[in-house]
Amino acid sequence: MADKIRLGIIGANIHRGWAPRAHLPAIVASPEFELTAVCTTRMESAEESRQKYGAKLAFDDYHKMLAHPDIDAVAVSLRVPAHYEPTMDAINAGKHVYVEWPLGRTTAEAQEMADAAQAKGVRNMVGLQARAAPSILYAKELVESGYVGDVMSCHVSRIDGGTLERTSDRTWQKDVELGANTLTISCGHTIDALRFVVGDFSNVSTVVSNQAKQWFETDTNQLVDVTSPDNILVSGRLAGGGVASVHVASNPSVGSGYRMEIYGREGSLVASSGESPNQDGVKLRGAKGGNQLEDLEIPGRLTNVLEGMPRGAPYNVGQMYYQFGQSILSGNPCQPDFNTAVELHHFIDSIQAASDQGREMAVTGR
């Protein structure tokens, strides 16, 4: 391996998607990595990305990128239905691989990718960035160290402002079978942050609802049917004995953002943000032995990126890349990995099943 880990990004179009918002600026500001290659489906857009972000190579066929000897690791930042094939090909090519969440369109796809990565022995990471956010990491530390005492109850909400009018290139998520919707993405990130901090659920009762059954495509001037859910309510028991409730929604009007409340016998914690917990900007407040919440200073040791890391969407992705890089350099497993993703896929399946069956369900990891 060269002095720096040589990374190629699949899905590097600079005009749309998560890559230009987060991955490309994050990797450029990560000293452990070199942005060696970018890949899109057209050479014109790949070359545009190469020039803007200083990559050495541009590809319009990811197979050619994977075959190049100067690529050590790959990031897959595509629409969810397109994760499976390039990820499996990267694993089979012996490349370390970072894939955005959700890992697969289905739990079966995610399991196959996890099994393949383990069999091939490549380092693998899934983009559950809340697990790298300094404020969420500190909340986890505080809970584990007894700041709140025994966790009695939790409430989490993430209410996003959506829209009922979209251009046709933004209506593909209408189909629940494609695996990219409020349940898998918004709820996935939000409920994973809660589980990361306070532990897993043991039982859940849920409502998974599709309130907006049509969207209007502004460029085609037609209504399209929507099967993807937009409101998810979860109530249940935590394995540690507490109870929790969650409401995640994408509603037409302006949202109220993210808020996680944790109440224990000895104290309370509140994490809040105008964005998702996997993005930068989560504030943490706490109260111990009193009723007044106070701002908590996040220890600097929980920040691994350099000062040059852009704030906003790239920040926690940069935190993830640091962990990914350390895992590649040391040979040790990294977290969150594909197995973590499979567990979350199964939990989301339990949420859907409990809603479909109208009854409380036990939560199993597999």
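The values are calculated or read from the model by the stated rules, or taken from the named source; none is laboratory data. All values derive from a computational prediction rather than experimental measurement. Cβ placement follows ideal geometry from the backbone for every residue including glycine, while neighbour counts extend to all protein chains displayed.
Of the residues THR364, THR340, the single one that is out of contact with any His (no Cβ under 6 Å at 6 or more places or on another chain), closer than 26 Å to SER235 by Cα and not in a helix (DSSP H, G or I) is THR364.
The listed residues are ARG166, ARG123, ARG158, and the only one of them that is within 20 Å of the chain's Cα centre (by Cα) and either polar (S, T, N, Q) or more than 30 Å from LEU269 (Cα to Cα) (or both) turns out to be ARG123. Take LEU233 and decide whether it is under 22 Å from ASP349 (Cα atoms) and either at pLDDT 95 or above or in a loop (DSSP other than H, G, I, E, B) (or both). Yes. The residues of the stretch 56-94 that are in contact (Cβ under 8 Å) with a residue 40 or more places away in the chain, assigned to a loop (DSSP other than H, G, I, E, B) and of a type outside the set (Lys, Arg), listed by number, are HIS68, ASP70, ILE71, ASP72, SER77, LEU78.
Within the stretch 213-238, the set of residues being more than 13 Å from GLY162 (Cβ to Cβ) and under 25 Å from the mean Cα position of the chain (by Cα) comprises THR227, ILE232, LEU233, VAL234, SER235, GLY236, ARG237, LEU238. Tell me which residues, restricted to the stretch 343-361, are in a loop (DSSP other than H, G, I, E, B) and free of Cβ contacts under 8 Å to residues at least 40 places away in the same chain. Across the stretch 343-361, the qualifying residue is only GLY358. When the criteria are applied in full, SER273 fails the requirement of being over 21 Å from LEU128 (Cα atoms) and surrounded by 14 or more Cβ atoms within 10 Å (Cβ to Cβ).
Within the stretch 251-268, the set of residues being within 17 Å of LYS288 (Cα to Cα), in a strand (DSSP E or B) and not polar (S, T, N, Q) comprises MET260, GLU261, ILE262, TYR263, GLY264, GLY267. Across the stretch 269-284, the qualifying residues are those that are out of contact with any Ser or Thr (no Cβ under 9 Å at 6 or more places or on another chain) and part of a strand (DSSP E or B), and the one among them that is farthest from SER186 (Cα to Cα) is LEU269. Of the residues making up the stretch 330-366, those that are hydrophobic (A, V, I, L, M, F, W, C) and at pLDDT 95 or above are PHE338, ALA341, VAL342, LEU344, PHE347, ILE348, ILE351, ALA353, ALA354.
Of the residues making up the stretch 97-117, just one is more than 18 Å from the chain's Cα centre (by Cα) and touching a residue at least 40 places away in the same chain (Cβ under 8 Å), namely ALA117. Could you please find all residues in the stretch 30-42 being in a loop (DSSP other than H, G, I, E, B), surrounded by 19 or more Cβ atoms within 10 Å (Cβ to Cβ) and out of contact with any Asp or Glu (no Cβ under 8 Å at 6 or more places or on another chain)? Within the stretch 30-42, just SER30 meets the criteria. Scanning the stretch 198-212 for residues that are touching an Asp or Glu at 6+ places or on another chain (Cβ under 7 Å) and outside any strand (DSSP E or B) turns up ASN210, GLN211, ALA212. Which one of the conditions (1) outside any loop (DSSP other than H, G, I, E, B); (2) out of contact with any helix residue (DSSP H, G or I) (no Cβ under 9 Å at 6 or more places or on another chain); (3) among the polar types (S, T, N, Q) does THR190 fail to meet, given that it meets all the rest? Looking at each condition in turn, THR190 falls short on (2).
Considering only residues that are at pLDDT below 95 and either part of a strand (DSSP E or B) or outside the structural domain of ARG195 (by TED's automatic domain parsing) (or both), which ones fall in the stretch 285-297? Show your work before the answer.
Narrowing the stretch 285-297 to residues at pLDDT below 95: 288-292.
Across the stretch 285-297, the qualifying residue is only LYS288.
Pairs are defined by a Cβ separation below 6 Å, a sequence spacing of at least 6 or placement on different chains, a first member in the stretch 244-272 that is more than 18 Å from ARG285 (Cβ to Cβ), and a second member that is in a loop (DSSP other than H, G, I, E, B) and of a type in the set (A, V, I, L, M); the pairs so defined are PRO252/LEU164.
So is GLY274 modelled with pLDDT under 95, assigned by TED's automatic domain parsing to the domain that holds VAL207 and on the phi > 0 side of the Ramachandran plot or not? For GLY274, the condition - modelled with pLDDT under 95, assigned by TED's automatic domain parsing to the domain that holds VAL207 and on the phi > 0 side of the Ramachandran plot - is not met.
Any residue that is more than 27 Å from ILE298 (Cα to Cα), assigned by TED's automatic domain parsing to the domain that holds ASN181 and crowded, with 16+ Cβ neighbours inside 10 Å - is there at least one of those in the stretch 243-250? Yes: the stretch 243-250 contains one or more residues that are more than 27 Å from ILE298 (Cα to Cα), assigned by TED's automatic domain parsing to the domain that holds ASN181 and crowded, with 16+ Cβ neighbours inside 10 Å.
Filtering the stretch 200-226 to residues that are touching a Phe, Trp or Tyr at 6+ places or on another chain (Cβ under 9 Å) and either touching a residue at least 40 places away in the same chain (Cβ under 8 Å) or of a type in the set (A, V, I, L, M) (or both) leaves ASP200, PHE201, VAL204, LEU223, VAL224, ASP225, VAL226.
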